[in-house]
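Here, each number is a calculation from the coordinates, and none is a lab measurement. Only a predicted model underlies this, so the values are computations on that prediction, with no experimental measurement involved. Glycine gets a Cβ as well: all are built from the backbone with ideal geometry, and neighbour counts include every protein chain shown.
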Amino acid sequence: AEPRPRVWVSQPLYADLEARLDEWFEVARTPRVTDHAPGAIAAALADADGALVTLNDRIGETEVAGASRLRAVANVGVGYDNLDVAALAARGIVATNTPGVLTETTADFGFALMMAAARRITEAEHWLRDGRWQGWGFHELLGAEIHGSTLGILGMGRIGQGIARRARGFGMRVLYHNRHRLPEAVEEACAATWTTRAALLADSDHLVLVLPYTADNHHIIDAGALAAMKPTATLTNIARGGLVDEGALAEALQSGRLAAAGLDVFEGEPAVDPRLLACRNVVLTPHVASASLPTRRAMVALAVDNLVAAMGFGPDAGHPPSPVTRIP
Ligand code: 8YV
């Protein structure tokens, strides 16, 4: 009999969902990538026909150079900047992601992080825990308003639209900027108005980043962009750390050029820039915006569906539900 295709699962996910892979494949499992020696991804891919990976796994030219059997890479996550899609496509390797299933959970978190930054929630808690609460203070820990303020959304895809829908219930005015303006019906459904990037920076009281990270938008929020924002504004990033010049942000937060920030993602994560750690007025979380059990399970289930289908098995053989590259 034909040997079964081999797939590599780059870190333990959910055993019951991964078990579906055992129906079709020989499965090679490894501890998470942070434990891998350099070159471990290339070695794991060298004899794999398919792979189930996460944002911990950077897969580019070097990793696929010796992967002569590799046909599909299923990413657990909607963002797939960890994959060099052009390098994969050039070798006919199908790449997939997990859009849709994490939209609402991630939008919930983005809204919470924005509110936490604006209302100084973690700063207030640290203040209390440090024993500085000596009686109710009229002037302590004053934050920025949410209701009646202007929310700016940079990147108006599924998650951005989810945040816009939430903002409506908080009585916010919603502006957005996106390469492509949304159809009028969608704009109406989330009560959001398109504006230029410059106007978005200048007019937002709270700016939220929800755009994919590409070579074109590296450090899209740099010193110049921060200088264009209101000094009373907040910045929230639940997309990718590389969108923000963290040194410039830390300086803006320290100097009072920007009121506060909420960051769930970092350029060198899991390392966090010490200049940000030194700021009081930033809420820092370890890339957890999609972290609820139902959502994480749905992401893995979709990634498994994608991998099975991309490898030519199951009911959707040849038609993975969410490819990011054109299927040859
Ligand atoms: C994931 C994310 O936790 O979906 C994304 O783009 O950043 C997170 O939801 C991560 O991608 C896991 O690989």
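Taking the conditions exactly as written (within 12 Å of the ligand (Cβ to nearest atom) and in a loop (DSSP other than H, G, I, E, B)), does residue 55 satisfy them or not? Spelling it out, residue 55 is indeed within 12 Å of the ligand (Cβ to nearest atom) and in a loop (DSSP other than H, G, I, E, B).
Scan region 180-192 and tell me whether some residue there is part of a strand (DSSP E or B), buried (at least 22 other Cβ atoms within 10 Å of the Cβ) and touching a helix residue (DSSP H, G or I) at 6+ places or on another chain (Cβ under 7 Å). Yes.
Results for (1) of a type outside the set (Asp, Glu); (2) surrounded by fewer than 24 Cβ atoms within 10 Å (Cβ to Cβ), shown as yes or no for each residue.
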site: 42; (1), (2): yes, yes
site: 60; (1), (2): yes, yes
site: 68; (1), (2): yes, yes
site: 96; (1), (2): yes, no
site: 99; (1), (2): yes, yes
site: 123; (1), (2): no, yes
site: 127; (1), (2): yes, yes
site: 133; (1), (2): yes, yes
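Filtered by the rule that a residue be touching a Pro at 6+ places or on another chain (Cβ under 9 Å), within 16 Å of the ligand (Cβ to nearest atom) and assigned to a helix (DSSP H, G or I), region 72-110 gives a lone residue, 105. Tell me, which residue of region 73-113 that is of a type outside the set (Gly, Ala, Ser) and over 15 Å from the mean Cα position of the chain (by Cα) is farthest from residue 233 (Cα to Cα)? Residue satisfying both the conditions and the ranking: 91. Reported count of residues in region 138-174, each being of a type outside the set (A, V, I, L, M, F, W, C), exposed (fewer than 11 other Cβ atoms within 10 Å of the Cβ) and in a loop (DSSP other than H, G, I, E, B), is 3. Checked against the criterion of being buried (at least 17 other Cβ atoms within 10 Å of the Cβ) and of a type outside the set (A, V, I, L, M, F, W, C), the candidates 49, 22 yield just one match: 49. When the helices (runs of 4 or more DSSP H) confined to region 220-328 are screened for residues that are crowded, with 19+ Cβ neighbours inside 10 Å and within 15 Å of the ligand (Cβ to nearest atom), those reaching at least 1 such residues are found at 293-310.
Being assigned to a loop (DSSP other than H, G, I, E, B) and basic (Lys, Arg) holds for only one residue in 69, 20, and it is 69. May I ask you to verify whether residue 114 is touching a strand residue (DSSP E or B) at 6+ places or on another chain (Cβ under 8 Å), assigned to a loop (DSSP other than H, G, I, E, B) and either over 30 Å from residue 318 (Cβ atoms) or not acidic (Asp, Glu) (or both)? Answer is no for this residue.
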